[in-house]
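What follows is a set of notes on a single structure, which appears directly below.
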Amino acid sequence: MSYNSGFTQRFSTSWKIFIKNPLGKAGLALLMLFAFMALASFALPFIGDMYDPMTGVDPLVLHSVGPSAVHWLGTDFIGRDIFCQLLEGSKIAFIVGLASAFISIVIGTVVGMVSGYAGGIVDMLLMRLADMVMVLPSLVILLIIAALFGQLNIWMIVFLIAILRWPAVARVIRSQTLSLKQRPFIEASRVAGASNVRIIFKHIMPNVLPLAFLYMTFRVTSAILVEASLSFLGFGDPGQISWGMMLQWVWSSGHMFQAPYWLLPPGICISLLTLSFYMVGRAMDEVLDPRLRKEGKPS
Amino acid sequence: MTLLTVENLTVGYKSATGMVKAVDDVSFTIEPGTSLGFVGESGCGKTTIGMALMGLLPDNARILQGRILLSDRDLTRLSPDDLRKIRGKEVAMIFQAAMNALNPVVRVGEQVAEMIVTHQDRMSSADMDARIASLFDLVGIPQDRMHDYPHQYSGGMKQRAVIAMALACGPRLVIADEPTTALDVVVQDQILNEILKIQALTHTSFVFISHDIAVVARVCRHICVMYDGKIVEAGTREEVFQTPIHPYTRQLLGSYLTLDNCKNVRVPDINVRRGEKGWNQGCAMARVCESPLDDCDGGSPGWRVLSPTHGVRCFKKSITKGASWEK
Amino acid sequence: MGEIKEQPDPVVELVNISKIYGQKDHLFHKGASDVVALKDVSLKIFRGEIFGLVGQSGSGKTTAGRLLVQLEQPTRGEIHLDGEAVSMLKGQALQAYRKKVQMIFQDPYQSLNPHLSIAETVTEPLIVHGVGTRETRREKVLATLEASGLVPAADFYDRYPHQLSGGQRQRVAIARAIVLEPEFIVADEPTSMLDATIAIQLFQVLLNIRKRLGMTFLFITHNLAAANYLCDRIAVIHNGTIVETGTTSEVIDSPSHPYTRKLIAAQPRFDICPVGALTQ
């Protein structure tokens, strides 16, 4: 109860600063739009078989046509509704982006905190490991794994992206932890007799979480892009429609230059969704770093 | 002729909740060659006054009201360019953290020379050397240390170097903001002696800002006691020390520990009355005052003149206790 | 040492403690860049007294405090608590030591975790040492806050550090240090960041605590007048060596070491008026 009251108060002041930022406002609006699209995709099965993004073929069309009243954005090469695929794709983009960002943040935060707090040999081993993972080209690794194991399912892709993308987070959290470790309140807690585990999770974690959360928005962006590239190259989950896969179909069915109504929407969606996460991240940056703020009484 | 006149200076900071007044309706004057001290707790607005005099207020601060007259020019109306010309040349500042005020990669002598070059016409290098040497003499740094880097200096030496930089262009007014707070007592003692010597030699006026009333009393003939953005008591140091009227001044003096008084310091009562700070609701001091009157909750007390030099911002006409030791 | 004969029971004893900071890991380490923070320091602190360690910045006084609360280990020498050697403690033994020795830090703005409420901060020592139940802890914390001068304690219980003034924060830090009722508390310049009117109130709090709980204090300060006000005995430390030890009146009124004399001469005074008159 007590924790919540303090949290809500801090949250509301942060929120005020965030929403004053034009980048934050625009990013959040865009994000809401895509979130709404993703939610709308759950309603597709109830509208009719024809609008199932994967199997719902319009029997009257069966080839790619432009926008009409029945198919707002037209159909693909076998007569499936592009708008429905777009909605389905935004759901997948959110799942891939948020889930893999979340996993990589959890790994990165724990590794960073432990590494920074423990120091010494633990720090060295963990950071060298991070360095090694950091220099791996994620897309190439994913392609190789996909080639070796055949088709990857979507959760496998999420997990692999997360595994390849935690080191940057770990480095940032580690440096933050290093400076926190010197703060007297950590020493006070040591003098009080708190264990290392308690200090890490009770004292250091609340102080690095905002930063980790900020980094999550940037991780989301990169995860969405990696998944889109993978699908576009034909190594995505064949059971899930994603924007990258839509682009791949445009390409492989030879409609690249004939069907802009089919090519543009997924491309624009990928750009706008990553952009909106990026803008939200930048606005949060300002909330977290008072030096970027314009006002406030100097202490 | 009066060197500096400040009239009704009010400075506010823009914050998330609106404008916060840090300095509220402050007026004072400084005659050439004298010094004025500001004492008060942290956050009482004394540093903001110094910044306003230098024209160095942060971006989110505004002078809401009042004038700062240096001779007859109003500093609040000058353009940033004109202010820059005055800064360093006519009004100089000694900062609290001497170690941060010096550039670590430039020799100390060159940093002092830089101050002179910025504000004065070309000088031959021999003249320049002589000028720097005399400045180093004035602040008590051996001349052979002129070509050292700041990190080779001790804390006290750095503070002396900062004072030399402030005096480089022969300013008429020097603002010293907590110049000895970061120093050990022994070094503080030496620096204060140095400042007294400089005052006597150069006839420079000082505004001396400190939370330490003994430090201010040592250097300044006139003292302003500040509380919550206002000057609550002002007078010569004898008046302020021997017949303090305002409850805050009395608390400040009563709780100051020296080696001789530890048996009879007075501990101010805490949480006597509850209430928020803020002059709009009444006297800001009321919540910690030892014997507040009913009026104190109603409105802010006005300035009451007790003698040509002594004034106070308090409703109480006379002090109930301690009047007997008035000389 | 003359003072031992009256009180044979030192709570804490430093025996020939040296602390040297150097780059141990350096290859070809010659010790040229070593910083000697403490050099053969020996001290006895007796039960129930407030012992003042007075010195300027860089004199090693803070290092001495940090060694005592085992935030650092001495390079040489031995620390005794209740007659037992306590250097290099680990695990259970260290935990038991922590329960007996606590610290109040210098900067109240840095020593409280901004994300924890006052209640959480003061309860933490009770939790980590498994003292009491949920209900009794609450009672204990409220009583301790009250003892530290945060009255009424319930008003402060659920607040966060940023809602408190510097003086109030330091009271919270004091409450955290005394909540376990330790035998010995190291107070490292607890008032140097605070204004004079606040500092004197905090001294009062420390004196009250000593009277009620009978704790022993090491008061580390650069302010001789504060040590004079608060302490029973004083040691003056200069460049890592103790230059003079004695009762407060011995050291202040008849200093024997030149450095002590220099320190006393440099103390600020009110030459122009008898401040004592104010308190009548």
Which residue is nearest to C:GLY58 (Cα to Cα), if the candidates are limited to the stretch C:174-202 and must be under 12 Å from the mean Cα position of the chain (by Cα) and within 11 Å of another protein chain (Cβ to nearest Cβ)?
C:ASP188
In the stretch B:80-127, which helices (runs of 4 or more DSSP H) lie fully inside it and hold 1 or more residues that are within 25 Å of B:ASP144 (Cα to Cα)?
B:98-101, B:108-119
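How many residues does the stretch B:158-190 contain that are out of contact with any Lys or Arg (no Cβ under 7 Å at 6 or more places or on another chain), within 13 Å of chain C (Cβ to nearest Cβ) and not small (Gly, Ala, Ser)? Lay out the reasoning, then the answer.
Just the residues of the stretch B:158-190 that are out of contact with any Lys or Arg (no Cβ under 7 Å at 6 or more places or on another chain), to begin with: B:158-168, B:170, B:172-185, B:187-190.
Keeping just the survivors that are within 13 Å of chain C (Cβ to nearest Cβ) gives B:178, B:180-185, B:187-190.
Next, only the ones that are not small (Gly, Ala, Ser) stay: B:178, B:180-181, B:183-185, B:187-190.
Here the count works out to 10.
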Does C:HIS129 count as within 27 Å of C:ARG47 (Cβ to Cβ) and more than 15 Å from the chain's Cα centre (by Cα)?
yes
Answer with yes or no whether B:THR2 is surrounded by fewer than 17 Cβ atoms within 10 Å (Cβ to Cβ) and assigned to a loop (DSSP other than H, G, I, E, B).
yes
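Out of the stretch B:156-190, which residues are β-branched (Val, Ile, Thr) and touching a helix residue (DSSP H, G or I) at 6+ places or on another chain (Cβ under 7 Å)?
Result: B:VAL162, B:ILE163, B:VAL174, B:ILE175, B:THR180, B:VAL185, B:VAL186, B:VAL187.
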Some residue of the stretch B:225-232 being out of contact with any strand residue (DSSP E or B) (no Cβ under 8 Å at 6 or more places or on another chain), modelled with pLDDT of 85 or more, on the phi > 0 side of the Ramachandran plot and more than 14 Å from chain C (Cβ to nearest Cβ)
no
Answer from B:VAL117, B:VAL162, B:VAL139 - the residue that is surrounded by fewer than 22 Cβ atoms within 10 Å (Cβ to Cβ) and more than 15 Å from the chain's Cα centre (by Cα)
B:VAL117
Of (1) under 25 Å from B:GLN111 (Cβ atoms); (2) loosely packed, with under 15 Cβ neighbours inside 10 Å, B:THR29 satisfies every one except (1)
If a residue has to be in contact with an Asp or Glu (Cβ under 8 Å, 6 or more places away or on another chain) and either in a loop (DSSP other than H, G, I, E, B) or of a type in the set (A, V, I, L, M, F, W, C) (or both) to count, how many in the stretch C:151-195 make the cut?
5
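Results for (1) modelled with pLDDT under 90; (2) within 14 Å of chain A (Cβ to nearest Cβ), shown as yes or no for each residue.
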| site | (1), (2) |
| --- | --- |
| C:LEU68 | no, yes |
| C:GLU84 | yes, no |
| C:LEU89 | yes, yes |
| C:GLN92 | yes, yes |
Of residues in the stretch B:1-51 being acidic (Asp, Glu) and closer than 17 Å to B:THR76 by Cβ, the one nearest to the other protein chains (Cβ to nearest Cβ):
B:ASP24
If you take the residues of the stretch B:288-323 that are more than 15 Å from B:TYR227 (Cβ to Cβ) and β-branched (Val, Ile, Thr), which of them is modelled with the lowest pLDDT?
B:THR320
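Residue by residue, here is whether (1) surrounded by fewer than 19 Cβ atoms within 10 Å (Cβ to Cβ); (2) out of contact with any His (no Cβ under 7 Å at 6 or more places or on another chain); (3) more than 24 Å from A:PHE34 (Cα to Cα); (4) modelled with pLDDT of 85 or more holds:
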{"position": "A:MET205", "(1), (2), (3), (4)": "yes, yes, yes, yes"}
{"position": "A:LEU211", "(1), (2), (3), (4)": "no, yes, yes, yes"}
{"position": "A:SER229", "(1), (2), (3), (4)": "yes, yes, no, yes"}
{"position": "A:GLN248", "(1), (2), (3), (4)": "no, yes, no, yes"}
{"position": "A:TRP251", "(1), (2), (3), (4)": "yes, yes, yes, yes"}
{"position": "A:MET256", "(1), (2), (3), (4)": "yes, yes, yes, no"}
Given (1) facing chain A (nearest Cβ under 9 Å); (2) under 19 Å from A:GLY193 (Cα atoms); (3) out of contact with any Ser or Thr (no Cβ under 7 Å at 6 or more places or on another chain), C:LEU112 misses just (3)
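Determine whether the stretch B:243-257 contains at least one residue that is in a helix (DSSP H, G or I), more than 9 Å from chain C (Cβ to nearest Cβ) and either farther than 20 Å from C:SER192 by Cα or among the hydroxyl-bearing types (Ser, Thr, Tyr) (or both). Working first, answer last.
Going residue by residue through the stretch B:243-257, those that are in a helix (DSSP H, G or I) are B:247-254.
Now narrow it down to the ones that are more than 9 Å from chain C (Cβ to nearest Cβ): B:247, B:249.
Then keep just the ones that are either farther than 20 Å from C:SER192 by Cα or among the hydroxyl-bearing types (Ser, Thr, Tyr) (or both); that gives B:247, B:249.
Looking through the stretch B:243-257, at least one residue is in a helix (DSSP H, G or I), more than 9 Å from chain C (Cβ to nearest Cβ) and either farther than 20 Å from C:SER192 by Cα or among the hydroxyl-bearing types (Ser, Thr, Tyr) (or both).
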Are there helices (runs of 4 or more DSSP H) fully within the stretch A:134-251 with at least 2 residues that are among the β-branched types (Val, Ile, Thr) and within 24 Å of the chain's Cα centre (by Cα)? List them.
A:138-149, A:154-164, A:167-181, A:205-232
Among the listed residues A:LEU87, A:LEU44, A:LEU73, identify the single one that is part of a loop (DSSP other than H, G, I, E, B), more than 16 Å from A:SER276 (Cβ to Cβ) and not charged (D, E, K, R).
A:LEU73
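For the stretch B:206-235, what are the residues that are part of a loop (DSSP other than H, G, I, E, B) and more than 16 Å from B:THR309 (Cα to Cα)?
The initial filter retains those residues of the stretch B:206-235 that are part of a loop (DSSP other than H, G, I, E, B), namely B:211-212, B:220-221, B:228-229.
The answer is B:HIS211, B:ASP212, B:ASP228, B:GLY229.
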Checked the stretch A:120-138 for anything within 24 Å of A:LEU180 (Cβ to Cβ) and either crowded, with 19+ Cβ neighbours inside 10 Å or in contact (Cβ under 8 Å) with a residue 40 or more places away in the chain (or both); matches are A:ASP123, A:LEU126, A:MET127, A:ALA130
Buried (at least 23 other Cβ atoms within 10 Å of the Cβ) and farther than 18 Å from C:SER111 by Cβ: does that describe C:LEU230?
yes
Being assigned to a loop (DSSP other than H, G, I, E, B) and of a type outside the set (Gly, Ala, Ser), is that true of even one residue in the stretch A:18-35?
yes
Any idea which of B:SER15, B:SER79, B:SER42, B:SER35 is under 14 Å from the mean Cα position of the chain (by Cα) and at pLDDT below 90?
B:SER42
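If we scan the stretch C:213-230, do we find a residue that is in a loop (DSSP other than H, G, I, E, B) and either within 14 Å of chain B (Cβ to nearest Cβ) or among the aromatic types (Phe, Trp, Tyr) (or both)? Reasoning before the result, please.
Here is the first cut: in the stretch C:213-230, the residues in a loop (DSSP other than H, G, I, E, B) are C:214-215, C:222-223.
Then keep just the ones that are either within 14 Å of chain B (Cβ to nearest Cβ) or among the aromatic types (Phe, Trp, Tyr) (or both); that gives C:222-223.
Scanning the stretch C:213-230, I find at least one residue that is in a loop (DSSP other than H, G, I, E, B) and either within 14 Å of chain B (Cβ to nearest Cβ) or among the aromatic types (Phe, Trp, Tyr) (or both), so the answer is yes.
Would you confirm whether or not the stretch B:231-242 contains a residue that is under 12 Å from the mean Cα position of the chain (by Cα) and buried (at least 21 other Cβ atoms within 10 Å of the Cβ)? Don't jump to the end; show me each part of the working.
Taking the stretch B:231-242 first, the residues under 12 Å from the mean Cα position of the chain (by Cα) are none.
No, the stretch B:231-242 has no match at all.
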The one condition in (1) at pLDDT below 85; (2) in a helix (DSSP H, G or I) that A:SER64 fails to fulfil:
(2)
Of the numbered conditions (1) under 21 Å from A:THR177 (Cβ atoms); (2) surrounded by 16 or more Cβ atoms within 10 Å (Cβ to Cβ), A:ASP81 satisfies every one except a single condition; which is it?
(1)
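Quickly run through the stretch A:35-74 and pick out the residues that are among the aromatic types (Phe, Trp, Tyr) and either within 27 Å of A:SER253 (Cα to Cα) or free of Cβ contacts under 8 Å to residues at least 12 places away in the same chain (or both).
Our first condition is that a residue be among the aromatic types (Phe, Trp, Tyr); within the stretch A:35-74, this holds for A:36, A:42, A:46, A:51, A:72.
Matches in the stretch A:35-74: A:PHE36, A:PHE46, A:TYR51, A:TRP72.
The values are calculated or read from the model by the stated rules, or taken from the named source; none is laboratory data. Keep in mind that what you see is a predicted model, and the values were worked out from it rather than measured. A quick note on method: Cβ atoms are made from the backbone with ideal geometry, for glycine too, and the neighbour counts reach across all protein chains shown.
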